[in-house]
């Protein structure tokens, strides 16, 4: 089993619905899940709408490449397009920040939007 920590975020108009459904989807598709509370974060660029975020710990049998593709496919199902970043509205953003104990997205790991949820899980 692989251990992963996922950053979850949405700043679309239906962000509460997006996050709630995403947490359910992740619980249905991963093992041994636990997650932080859902909390508000300002967009890191200072201009886009605020995000709702959460952080999830989980286990999976898939390889990093397989589970990352599954997460990116889910983003697309939620309405994320290549244009989303340009317009500043992100229906769903899922990133694996830690894989088997290794920080693989250091920039995201150091952001307050991740650290808030991470601190909750590490208590």
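For the chain, take the longest principal axis of its alpha carbons; what is the angle in degrees between that and the long axis of helix 15-29, to the nearest 10 within 0 to 90?
For helix 15-29, the angle is close to 20 degrees.
Report the relative contact order of the chain, percent, no decimals, based on alpha-carbon pairs under 8 angstrom and at least 6 residues apart.
Working: 208 pairs, mean separation 46.3, N = 123.
The value is 38 percent.
Out of these labelled values of Cα Rg over 2.2 N^0.38 Å, (i) 1.82; (ii) 0.98; (iii) 1.12, which was calculated from the coordinates shown here?
(ii)
If you line up the long axis of helix 112-121 against the longest principal axis of the chain, both from Cα atoms, how many degrees apart are they, to the nearest 10?
Between helix and principal axis, roughly 40 degrees.
What angle, in degrees between 0 and 90 and rounded to the nearest 10, separates the Cα long axis of helix 64-77 from the longest principal axis of the Cα atoms of the chain?
Approximately 30 degrees, to the nearest ten.
As a footprinting exposure proxy, order 114, 109 by other Cβ within 10 Å, with the fewest listed first.
The most exposed by this proxy come first: 109, 114.
Using just the helices of the chain, give the 222 nm mean residue ellipticity in deg cm²/dmol: DSSP H runs with n ≥ 4 each add -39,500 (n - 2.57), and the total is spread over all residues, rounded to 500. Walk me through the numbers before you get to the answer.
Working: 5 runs with 47 residues, N = 123.
So the calculated ellipticity at 222 nm is -11000 deg cm²/dmol.
To make sure I understand, if each residue's beta carbon is the centre and we count other beta carbons within 10 Å, what order do 105, 119, 80 fall in, fewest to most?
The order, fewest Cβ neighbours first, is 119, 105, 80.
Where a number appears in this text, it was derived from the coordinates with a stated rule and is not lab data. Worth saying up front: this structure is predicted, and the values here are computed from it rather than measured. Please note: Cβ atoms are built from the backbone with ideal geometry, for glycine as well, and neighbour counts cover all protein chains shown.
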